[in-house]
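I have placed the structure first, in the form of structure tokens, so that the comments after it can refer back to it.
The values are calculated or read from the model by the stated rules, or taken from the named source; none is laboratory data. Just so we're clear, the structure is a prediction, and the values are computed from it rather than from any experiment. Note that each Cβ is placed from the backbone with ideal geometry, even for glycine, and that neighbours are counted across all protein chains shown. Ligands, DNA and RNA are stripped out before the accessible areas are found, and what is left, the full protein with its side chains, is counted by its heavy atoms. Shrake-Rupley method; radii C 1.70, N 1.55, O 1.52, S 1.80 Å.
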Amino acid sequence: MLVARKAFRSACKRNHAAGLFSGTKEERKEERVRRRQEVWNDVNKGYFADFHEFRKNGGKRYEAPSQLCTREEAKPFPRVSASTLSRAKVEFPQQLCGRVSLVTVSLRAIGMNINELYRQPFVKAFGGHPLISVWEISLVEMLLYRMLSRWLEANLRKQLPTDRHRSFISCTSETARIKKELSTGNSITGHVYLVDKEGLIRWRAHAKPTDRELKAMLDCTQQLL
């Protein structure tokens, strides 16, 4: 927490240097108060409702289907433009075309940990397959976290194995649109999407997986190959 506070102060100093707090002394003071209030409003907005749901049922609203949805029913994966932890630029859904992909999406560290319950069995079953890819997306939606994005990314680089850096994306722009198009629902838990070679979402799941959901994920992947 102490490190996060230091990073937050550093972000505020960068904003000040960039001229975000321009004007008279009184105007700068009012701007600082306004921005602090915006940060805390952002933090609290919707969080407690999601947290209550997560404590009640793990944020699980339904069990994933055992079959793929049809191509006619499927929606394309949303447009995402961001950089990986290895600092390579990526564009979705273009990056997904030509391969069957498991895409995990998280908005909190808890969700990222839950997504590992899907990712690990998937990698164990299909790791190394030339037509399979795995992508991890962290949506940084809160203003506070956006201000700390550099610190958060540096921390992730230290925590994650190097071989995951090139497929791990930290996205800070248009997160509201991406969430809406993915229908993420609860923002605390994790979300996973099985995307076909045309960039269409053919299967999805969220929250802690059941054994049936894990089997469905692997079976559906095999059908798409």
Which of the residues spanning the stretch 48-74 are open to solvent by less than 80 Å² (accessible area, probe 1.4 Å), over 10 Å from Asn186 (Cβ atoms) and charged (D, E, K, R)?
Glu63
For the stretch 99-111, which residues satisfy the criterion of being open to solvent by 40 Å² or more (accessible area, probe 1.4 Å) and in contact (Cβ under 8 Å) with a residue 12 or more places away in the chain?
Arg99, Ile110
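Taking the residues in the stretch 213-225 that are open to solvent by 10 Å² or more (accessible area, probe 1.4 Å) and more than 16 Å from Gly58 (Cβ to Cβ) as candidates, determine which candidate is modelled with the lowest pLDDT.
Filtering first and then ranking leaves Leu225.
Does Pro130 count as within 17 Å of Gln120 (Cβ to Cβ) and open to solvent by 10 Å² or more (accessible area, probe 1.4 Å)? Full working, then the answer.
On the way: within 17 Å of Gln120 (Cβ to Cβ): no; open to solvent by 10 Å² or more (accessible area, probe 1.4 Å): yes.
For Pro130, the condition - within 17 Å of Gln120 (Cβ to Cβ) and open to solvent by 10 Å² or more (accessible area, probe 1.4 Å) - is not met.
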Residues that are more than 13 Å from Val103 (Cβ to Cβ), buried (at least 21 other Cβ atoms within 10 Å of the Cβ) and either more than 13 Å from the chain's Cα centre (by Cα) or not hydroxyl-bearing (Ser, Thr, Tyr) (or both): does the stretch 155-178 have at least one?
no
Would you kindly identify the strands (runs of 3 or more DSSP E) lying entirely within the stretch 129-225 that contain at least 3 residues that are touching a residue at least 12 places away in the same chain (Cβ under 8 Å) and over 27 Å from Ser66 (Cβ atoms)?
168-171
Please verify whether Ile132 is in contact with a strand residue (DSSP E or B) (Cβ under 6 Å, 6 or more places away or on another chain), farther than 25 Å from Phe54 by Cβ, at pLDDT 85 or above and not aromatic (Phe, Trp, Tyr), treating the condition exactly as stated.
yes
